[in-house]
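Visitor: Pasting in a structure now, in structure tokens, and then I'll have a few things to ask.
Readers should treat all values here as calculations from the given coordinates under stated rules, not as data from a laboratory. None of the values given here were measured: they were computed from a predicted structure. Because the Cβ atoms are built from the backbone with ideal geometry, glycine has one as well, and the counts that use them run over all protein chains shown.
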Amino acid sequence: MGRKTQWTHKHLIGLSDLTREEIELILDTAKSFEEFSTRSIKKAPTLRGKVVVNMFFEDSTRTRNSFTLAASRLSADVIEFTKTSSSVSKGETLIDTARNLEAMGVDIVVIRHSAGGAPKLLSRSINACVVNAGDGYHEHPTQGLLDVYTIRQMRGSLEGLKIGIVGDIAHSRVARSDVYAMTKLGAQVTLIGPPTLMPASVCDLPVKVSYNLDAVIEELDVINMLRIQFERLGGNPFPSVREYSHFFGLTMDRMQRAKKDILVMHPGPINRGLEIESEVADGPNSVILRQVANGLAVRMAVLFLVTQASTLEG
Amino acid sequence: MAKPVSQKILIKNGRLIDPKNSVDTVTDILIDDFRVCRIGKGLSSPNAEVIDASGKIVTPGLIDLHVHFRQPGDEEEETIASGSAAAVAGGFTSVVCMPNTNPPVDEATAVEFVHRMGRQARKTFIYVMGAITKDRAGKELAEIGLMSLAGAIGFTDDGCGVQDTGVMLRAVKYASMFDVVIAQHCEDQSLARHGAMNAGYKATVLGLPGIDPLAEEMMLWRDIQLIKKTRIRYHAQHISTAGSVRIIRQAKAEGLPVTCEVTPHHLLLTEESVSDYNTNYKVNPPLRTQKDVDALKNAVQEGLVDALATDHAPHLQSEKELEFLAAPCGIAGLECALPLYRKALIDEGICDWSQMLAMLTWRPAGVIRVDKGSLAVGDRADVAIIDPDVEWTVDADRFFSKSRNCPYIGWKLKSKVLYTIVAGEIRYRAAT
């Protein structure tokens, strides 16, 4: 094939660590897995004999199922480990849990955790490959990848596109991974939301910031509506749900002023009527379900690539 | 308990730096009967132990206003004995233990217990700060008077600050009838919340909740307004921000009885160190920015910093191997403090040895009003002998402290404590 970029990462912790070429390599690899879903026998022997553990310390349906399906389509054995605990310091430590699983011969650990940095900690402590399935509000790299994959699929390229990300930026790992992936691929990103939901020193990120959705919606090619995560909001960052919806909800009314072909995205699960109206979520501009479908191909690519790197490393 | 032994010690040809008495000269010192007996060139004494201190610095024993020895309650992290051994290995002849033990030091028997353990350890002098409020809960005043009678030299709820302004006002008013210092870990919880590092770009990128510098500055500013009503001595613990320096500068300019301390890590490290979620850099107040480090160094240069203090905070390795959010705050640093101060201050041209040692001897002694930090004839013989230029590598396996949560492990540092003499007795000799 004569590919220029060589994948060398045994772990996927975040997209801030990756170059544009590496991100493109994942997307190209995912493309080759995309047609899998249309086959009658949806399985390849790529990871036969490998063991993948899904370690989920936070609730998740979409991401966990997507990883499970991606691993099984590549013929890996999958262990599901779910433990939702509010206190990570109680009981068995993360490292001990992972070392125990590793002793059973696990090759890849897919981890979702409420504490930022947990996958990094794990990658330092065990030999298996570590794939971050979302850590606190640090990163959610496979979500970032499937988002840019979807945009590329629809538009061919992200170069020069204007993308708005709306909502709770401060507590969003999706926003961070999106910013890295989108800007590295040449898009201009505007973060939109109330100042109380913006992280510290947000202007140092390679983005524009706006507190006024109506002022910027007309210029956007893509709009990504983040879920308001009530479980993560501290205090009272906005006065009420209806006030939030009034200023930052994606309504049919606002859609009238957007570009006709604007892509509407959402990482799910949707709070219908809160950050996005049902008619918009289900409307012709929405690529929300396409994102979910693409997540599978992207995660197959990631599992495949980290395993390759691990094998090369010996 | 062993009886005190009067040891005769003759320190020959050392460079005596005694900032309190403006001494910086090569001389001999004879120690006898627990005290400095003679100072002068060409001393001899037939049955004294002779220490050749040529090329070495001889200074009053160092004083650390801020250590956590974890006893009672968390003896697996540190004990008063292990902490005291670490202290003398660092050249410290007096330390002040913080009250956030388990149970906290919030009544007189606890103060007496810490003192007693300190005497039994027989390494460094132990002073005690009691809690300002019962159970350090920030609600009701602890028995400040009775603790003071038991020997507590000051009060703080260290680990957190007293949040309620009314409670704090009552505390400073009440405590002003005793000769004690009120110290504060300045941190407004409503701003700091569950923060794990400095609020800023780094925290945003790492997805960690931040602690805004304002959390420290608001409480410091508030407290200074409160003490204007009482004139009690007030000590700001481990200040870490440029804003705090401005507040201290202003308070001192107004002639208020305000003092402050700075840690080695806030002089040497920034939030950049946290990049890899390395929990050895998780500390409270958090590591700030280069701008703040520079402001603290300027404060040292201006003479605004009264004391250099380690905030020696030992923790178990297993606790530090947790997720960054879950790991406890703290750096264990008594045994390498002196060379760290040297690196931050002397090597950077911020101050000279005499100025630096002032912040480690008589000036901290003044904060807690104890008769220490001076080496004139007749003074109690608390002495550190330092090889100023020898280079060594920080090796946790050689720590006397029980803990290893030290970001400086592997660092090559200059200056090493060779001997520590406490009340005329050699309590530490560096392995040769």
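Visitor: So which lysines pass the test for B:Lys297, namely a Cα distance under 16 Å, with those fewer than 8 places away in the same chain ruled out?
Guide: Within the straight-line limit of under 16 Å, B:Lys297 reaches these lysines: B:Lys343.
Visitor: So how far, in whole Å, is the C-alpha centre of the range B:1-68 from the one of the range A:105-131?
Guide: Rounded to whole Å, the Cα centres lie 55 Å apart.
Visitor: Taking each residue of A:194-204 in turn, how many C-beta atoms of other protein chains fall within 10 Å of its C-beta, and what is the average? Present the calculation step by step, with values, prior to reporting the outcome.
Guide: Details: counts 0, 0, 0, 0, 1, 9, 10, 8, 2, 1, 5.
That average works out to 3.
Visitor: Could you list A:Thr38, B:Thr241, A:Thr190, A:Thr46 so that the one with the fewest beta carbons within 10 Å of its beta carbon is first and the one with the most is last?
Guide: With the sparsest Cβ surroundings first, the list reads A:Thr38, A:Thr46, A:Thr190, B:Thr241.
Visitor: Radius of gyration and Dmax for the range B:134-186's Cα atoms, expressed in Å?
Guide: Over the range B:134-186's Cα set, Rg and Dmax evaluate to 10.2, 27 Å.
Visitor: Indicate, rounded to the nearest 5 percent, the antiparallel portion of the DSSP beta bridges found entirely in the protein assembly as shown.
Guide: Close to 35 percent.
Visitor: Report the percentage of all Cα-Cα pairs in the range A:44-141 whose separation exceeds 22 Å, rounded to a whole percent.
Guide: Taking all Cα-Cα pairs of the range A:44-141, the fraction more than 22 Å apart is 22 percent.
Visitor: When you look at the Cβ of every residue in A:117-125, what mean number of other chain Cβ atoms sits within 10 Å?
Guide: On the way: counts 13, 6, 2, 7, 10, 1, 0, 4, 1.
Per-residue shielding by partner chains comes out at 5.
Visitor: Now for a separate question. Would you mind giving the average projected area, over all directions, of the Cα convex hull of the range B:226-384 in nm² with one decimal? The partial results should precede the final answer.
Guide: Values: hull surface 44.2 nm².
The orientation-averaged projected area of the Cα hull of the range B:226-384 comes to 11.0 nm².
Visitor: Let me ask something else about it. When you count, for each residue, the other Cβ atoms within 10 Å and take the mean per peptide, how do A:160-172, A:106-118 rank with the highest first?
Guide: Working: A:160-172: 23.2, A:106-118: 25.0.
Those peptides, ordered most packed to least, come out A:106-118, A:160-172.
Visitor: With springs only between Cα atoms under 10 Å, which of B:Ile386, B:Ile80, B:Ile247 fluctuates most in a Gaussian network model of chain B?
Guide: B:Ile247
Visitor: When chain B is treated as a GNM, springs tying every alpha-carbon pair under 10 Å, which of B:Ala87, B:Ala253, B:Ala299 comes out with the largest mean-square fluctuation?
Guide: B:Ala253
Visitor: Considering every Cα-Cα pair within chain A, what fraction, in whole percent, is farther apart than 25 Å?
Guide: Of all Cα-Cα distances in chain A, 48 percent exceed 25 Å.
Visitor: With no solvent and one point per C-alpha, what does the Debye sum give as log10 I(q)/I(0) for the range A:141-289 at q = 0.11, 0.12, 0.14 Å⁻¹?
Guide: Log10 I(q)/I(0), no solvent term: -0.35, -0.43, -0.59.
Visitor: Taking 2.2 N^0.38 Å as the expected size of a compact globular protein, what ratio does the Cα radius of gyration of the range B:97-228 give against it, to two decimals?
Guide: Scaled against compact globular proteins, the figure is 1.17.
Visitor: Would you mind classifying the range B:61-368 by shape? Square roots of the alpha carbon gyration tensor eigenvalues, ordered a ≥ b ≥ c; an a/c under 1.5 is rounded, otherwise it is prolate if a/b is larger than b/c and oblate if not.
Guide: Taking the square roots of the gyration eigenvalues as a ≥ b ≥ c, the range B:61-368 is rounded.
Visitor: Pick from A:Arg227, A:Arg173, A:Arg99: which is most flexible by mean-square fluctuation in a GNM of chain A where alpha carbon atoms under 10 Å apart are linked?
Guide: A:Arg99
Visitor: Using alpha carbons only, how many degrees (0 to 90, rounded to 10) separate the axis of helix B:290-302 from the longest principal axis of chain B?
Guide: Here the helix axis deviates by roughly 50 degrees.
Visitor: What's the average, rounded to a whole number, of partner chain beta-carbon atoms within 10 Å of each residue's beta-carbon in B:202-214?
Guide: 6
Visitor: So if each residue of separation counts as 0.36 nm, and I subtract the Cα-Cα distance between A:Glu21 and A:Asp282, what length gain in nm does that give?
Guide: Between A:Glu21 and A:Asp282, full extension yields an extra 90.6 nm.
Visitor: Within 10 Å, count the other beta carbons around each residue, average over each peptide in A:252-265, B:199-212, and list them highest first.
Guide: My ranking of the peptides, most packed first, is B:199-212, A:252-265.
Visitor: Still on this structure: Within chain B, what percent of beta bridges assigned by DSSP are antiparallel, to the nearest 5?
Guide: So the antiparallel bridges amount to about 50 percent of the total.
Visitor: I'd like to verify something in chain A: which complete DSSP H helices, judged by Cα projection on the helix axis, reach 24 Å or more and average at least 0.5 on the Kyte-Doolittle scale?
Guide: Span-like helices here: A:288-313.
Visitor: When all alpha-carbon pairs of the protein assembly as shown are counted, what percent fall beyond 49 Å?
Guide: 28
Visitor: Restricting attention to the range B:341-432, which GluC sites (Glu not before Pro) occupy a DSSP loop and are surrounded by at most 16 other Cβ atoms within 10 Å? Don't skip to the answer; put the middle values down first.
Guide: Working: sites: B:Glu348, B:Glu391, B:Glu425; in loops: B:Glu348.
Taking the range B:341-432 and a limit of 16 other Cβ atoms within 10 Å, the loop GluC sites (Glu not before Pro) found are B:Glu348.
Visitor: Compute the Rg to Rh ratio over the range B:339-432 from the alpha carbon atoms, using the Kirkwood formula for Rh, and round to two decimal places.
Guide: Across the range B:339-432, the Cα-based Rg/Rh ratio is 0.98.
Visitor: Here's something else I'd like to know. Can you find, among B:Ala309, B:Ala175, A:Ser177, the residue farthest towards the positive end of the dipole of the protein assembly as shown? Put +1 on the C-beta of Lys and Arg, -1 on that of Asp and Glu.
Guide: Farthest along the dipole direction, towards plus: A:Ser177.
Visitor: Still on this structure, I have one more. Hey, fewest Cβ within 10 Å first, where do B:Trp353, B:Trp411 land in order?
Guide: By the 10 Å Cβ count, ascending, the order reads B:Trp411, B:Trp353.
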